[in-house]
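Each remark here refers to the structure printed beneath this line.
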Amino acid sequence: MKILVIGGSGHVGGLINPYLKAHHQVRVLDVKPPADPALEFVQGSLLDLDKVRAAMAGVEGLVYLAMGTTQGDDMQRAPSAYDVNVKGVHLALACAADAKVRGAVYASTLSVYDNWAKPKVQNEDTPPDASHLYGFTKRLGEEVCAWIARTRGLPVFALRLCSPVSDADWQKSYQAAYPGATSARDVAQAFHLALVTEHQGFTVLHITGDYENRMTDLSRAKTVLGWEPLTRPSAAPRASA
């Protein structure tokens, strides 16, 4: 499948592109080139409508990974947060719908909750309650996804990610505590399955490395995508959870 990865040169893109390119033709749209020079690259802003439309040509699937700046206080970050997590999502999905793209996958976050691991946060039906800018604007991005899916007929998955890290760093984190973080290969597999799974409408899924479902109920991802975290610790002992 030919896919467009918007924001594919960032942290999550760097983690999952090596896995995605084994299954798909990957084109990256970003202001800077991806780490892998072999990937097709379109340089440009996600707010440049003409650039986004051009990058969408011939694409069957869309992955939206972009995130705003993390520098400064909320007032300083707000323009970027709304541009990237709300406006950019709208432009990308609308262009995808115009281009008859088969489906889109939006990288959301468990930061839509103030504390996703507290006992009452069990599954995707738990109402988001983020009081911080990043989680709030990512939640608004989900609302844009739902609206585009409803009004334009574009199937959209929102994957609420939890601390995506390299496979090696996942192993290190496990030595410190039971993981909520998610390994690169598990994150990439979730995106791959979301791209190839037949789907209608808008669906939110929680994606974490919590393979024992201690903090999150991952059953919906398994039912809908056939996904579950497969990464396991390669060595013991570790600190008690």
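Read the figures in this text as sums done on the coordinates, not as results from a lab. Treat the numbers as computed from the prediction; the structure is a model and nothing was measured. A quick note on method: Cβ atoms are made from the backbone with ideal geometry, for glycine too, and the neighbour counts reach across all protein chains shown.
What percent does the relative contact order of the chain come to when contacts are Cα pairs within less than 8 Å and at least six residues apart?
Details: 483 pairs, mean separation 42.5, N = 241.
Contact order relative to length: 18 percent.
Under 5 Å from the amide H of ASP217 lie the amide H atoms of ASN123, each residue being 5 or more positions distant or on a separate chain, with H modelled from the backbone and absent for Pro and chain starts. Where does helix 11-20 land angle-wise versus the long Cα axis of the chain, in degrees 0 to 90, nearest 10? Its long axis makes an angle of about 80 degrees. Mean residue ellipticity, 222 nm, helices only, the chain: the sum of -39500 (n - 2.57) across DSSP H runs of n ≥ 4, divided by residue count and rounded to 500, is -11000 deg cm²/dmol.
Mind pulling the angle between the C-alpha long axis of helix 88-98 and the longest principal axis of the chain? Nearest 10 degrees, somewhere in 0 to 90. Once rounded, one gets 60 degrees.
Taking 8 Å as the Cα distance limit and 6 or more residues as the minimum spacing, I'd like the relative contact order of the range 157-241 as a percentage. Provide the component values of the computation, followed by the final result.
Numbers: 128 pairs, mean separation 31.7, N = 85.
Relative CO of the range 157-241 lands at 37 percent.
Scalar couplings 3J(HN,Hα) for the range 148-153, obtained by applying the Karplus form with A = 6.51, B = -1.76, C = 1.60 to θ = phi - 60°, are 5, 4, 6, 8, 10, x Hz; x denotes Gly and Pro.
Looking at the range 41-115, which trypsin sites (Lys or Arg not before Pro) are in a loop (DSSP not H, G, I, E or B) and have at most 12 other Cβ atoms within 10 Å? Let's see the in-between values first.
On the way: sites: LYS51, ARG53, ARG77, LYS87, LYS100, ARG102; in loops: LYS100, ARG102.
Answer by residue number: LYS100.
Taking 26 Å as the limit for the C-alpha separation, the pairs LYS32/LYS138; LYS138/LYS172; LYS21/LYS118; LYS2/LYS172 exceed it in the case of LYS138/LYS172; LYS21/LYS118; LYS2/LYS172. The string of couplings for the range 77-87 from the Karplus curve (6.51, -1.76, 1.60, θ = phi - 60°) is 7, 4, x, 5, 4, 6, 4, 7, 8, 10, 4 Hz, one whole number per residue in order, with x for Gly and Pro.
Within 10 Å of each candidate Cβ there may be at most 15 other Cβ atoms; applying that plus a DSSP loop requirement, which trypsin sites (Lys or Arg not before Pro) in the range 178-226 survive? Intermediate values should be presented prior to the final figure.
Numbers: sites: ARG185, ARG214, ARG220, LYS222; in loops: ARG214.
Here the sparse-neighbourhood loop sites are ARG214.
Amide H contacts under 5 Å for VAL28: VAL5, GLU40, PHE41, VAL42, restricted to partners 5 or more places along the chain or on a different chain, H placed in the peptide plane at 1.01 Å from N.
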